[in-house]
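The next block holds one structure in the form of structure tokens; read it before the comments.
Where a number appears in this text, it was derived from the coordinates with a stated rule and is not lab data. What you see is a predicted model; the values in this text were computed from it and never measured. Neighbour counts are summed over all protein chains in view; Cβ atoms, including those assigned to glycine, are modelled from backbone coordinates with ideal geometry.
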């Protein structure tokens, strides 16, 4: 087309995390594109230079409940007027952005972070550990009652995008399994430069970083290092924080107020980064590699795309204390060269992401 294409970006919600980094890179590619989302923090609104478009959910008085009432977001996303755009990019994971309705002459490309966890692959896990503390019984009841109609809507919504991009080979497989759709893999962007050159010598102990919620399985890491008496830094906070502190022995240190500036130094000073979650992708382990730190990861999900046993880290086979303990006992930090780890991480940097996205969009819209 002779004129510049008119583009819109749609995302589930903008509150912070790996998915928001994808939206940020899309914004850099298409700085004039409005970003439609159900609600947005002031911080992210500022980052997107006033391009964020929200609706009544932004001002809903029960703000803490917005994330847990999908029917409200379904109503909002399906009523967006996206007429006049040449193509729309939805960025969608555990929300409803992929369910937007676009005109017939508008191409809809979905960057899928995951088919909704609590409807599909991780339903049983969420039913067992909803992560709502004292409200867990209520959350379980709501999930049991609503999962049927919500799965039905999610499956219907999954047919609306014209094309899918998956953030990992694992999610590519899940998109096929749960939605019956084909997808190409374009890994999410990692800020590799932020972690380069932060290493210390000698490295000591282990580190893990992330939200302390049930599905992250940080308890496995804390218990394994406690059992072996290995030094461990646990960075982050969440609903599981108090429980993790109860499980921890004297070799475990909790750091719950680490700044973005300090984070790379903590990761780069460790012998290995420990990762026990079954993640869709998992940006933080790649950041660890960018800092020259090998990763010991649960052998599933997105980790299979970047952990190469004996080269960039090691795997443990089960999400259990015994399995991780065995891997830690066998781990030899001398096998890994920081320079090789950094080189491996560079394949996941933001420049690679932008080039791959541009090539895909050009192929599908011209």
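So here's what we get for this one:
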read-out: Every residue from region 323-344 that is exposed (fewer than 12 other Cβ atoms within 10 Å of the Cβ) and under 16 Å from residue 225 (Cα atoms); value: 329, 330, 332
read-out: Given (1) surrounded by 17 or more Cβ atoms within 10 Å (Cβ to Cβ); (2) in contact (Cβ under 8 Å) with a residue 40 or more places away in the chain; (3) under 30 Å from residue 242 (Cα atoms), index of the condition residue 125 fails; value: (1)
read-out: Members of region 297-313 that are surrounded by 15 or more Cβ atoms within 10 Å (Cβ to Cβ) and free of Cβ contacts under 8 Å to residues at least 24 places away in the same chain; value: 297, 299, 307
read-out: Given (1) touching a strand residue (DSSP E or B) at 6+ places or on another chain (Cβ under 8 Å); (2) under 28 Å from residue 187 (Cα atoms); (3) free of Cβ contacts under 8 Å to residues at least 24 places away in the same chain, number of the condition residue 169 does not satisfy; value: (3)
read-out: Odd one out for residue 209, checked against (1) touching a helix residue (DSSP H, G or I) at 6+ places or on another chain (Cβ under 9 Å); (2) surrounded by fewer than 24 Cβ atoms within 10 Å (Cβ to Cβ); (3) more than 18 Å from residue 190 (Cα to Cα); value: (3)
read-out: Residues that are touching a residue at least 12 places away in the same chain (Cβ under 8 Å), over 30 Å from residue 3 (Cβ atoms), within 21 Å of the chain's Cα centre (by Cα) and surrounded by fewer than 17 Cβ atoms within 10 Å (Cβ to Cβ), drawn from region 36-65; value: 41, 43
read-out: Within region 252-366, strands (runs of 3 or more DSSP E) holding 2 or more residues that are farther than 16 Å from residue 207 by Cβ and in contact with a helix residue (DSSP H, G or I) (Cβ under 8 Å, 6 or more places away or on another chain); value: 313-316
read-out: Residue that is surrounded by the most Cβ atoms within 10 Å (Cβ to Cβ), among those in region 224-251 that are part of a helix (DSSP H, G or I) and without any contact (Cβ under 8 Å) to a residue 60 or more places away in the chain; value: 244
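Each row is one residue, and each column tells you yes or no for (1) under 30 Å from residue 337 (Cβ atoms); (2) in a loop (DSSP other than H, G, I, E, B); (3) in contact with a strand residue (DSSP E or B) (Cβ under 8 Å, 6 or more places away or on another chain).
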| residue | (1), (2), (3) |
| --- | --- |
| 138 | no, no, no |
| 143 | no, no, no |
| 165 | no, no, yes |
| 173 | no, no, no |
| 176 | no, no, no |
| 194 | yes, no, no |
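Here's the yes/no breakdown for (1) in contact (Cβ under 8 Å) with a residue 60 or more places away in the chain; (2) in contact with a helix residue (DSSP H, G or I) (Cβ under 9 Å, 6 or more places away or on another chain):
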{"site": "85", "(1), (2)": "yes, no"}
{"site": "92", "(1), (2)": "yes, yes"}
{"site": "96", "(1), (2)": "yes, yes"}
{"site": "105", "(1), (2)": "no, no"}
{"site": "109", "(1), (2)": "yes, yes"}
{"site": "143", "(1), (2)": "no, yes"}
{"site": "155", "(1), (2)": "no, yes"}
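Matching residues to (1) more than 15 Å from residue 150 (Cβ to Cβ); (2) more than 21 Å from the chain's Cα centre (by Cα):
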residue: 76; (1), (2): yes, yes
residue: 81; (1), (2): yes, yes
residue: 94; (1), (2): no, no
residue: 104; (1), (2): yes, yes
residue: 107; (1), (2): yes, yes
residue: 110; (1), (2): yes, no
residue: 115; (1), (2): no, no
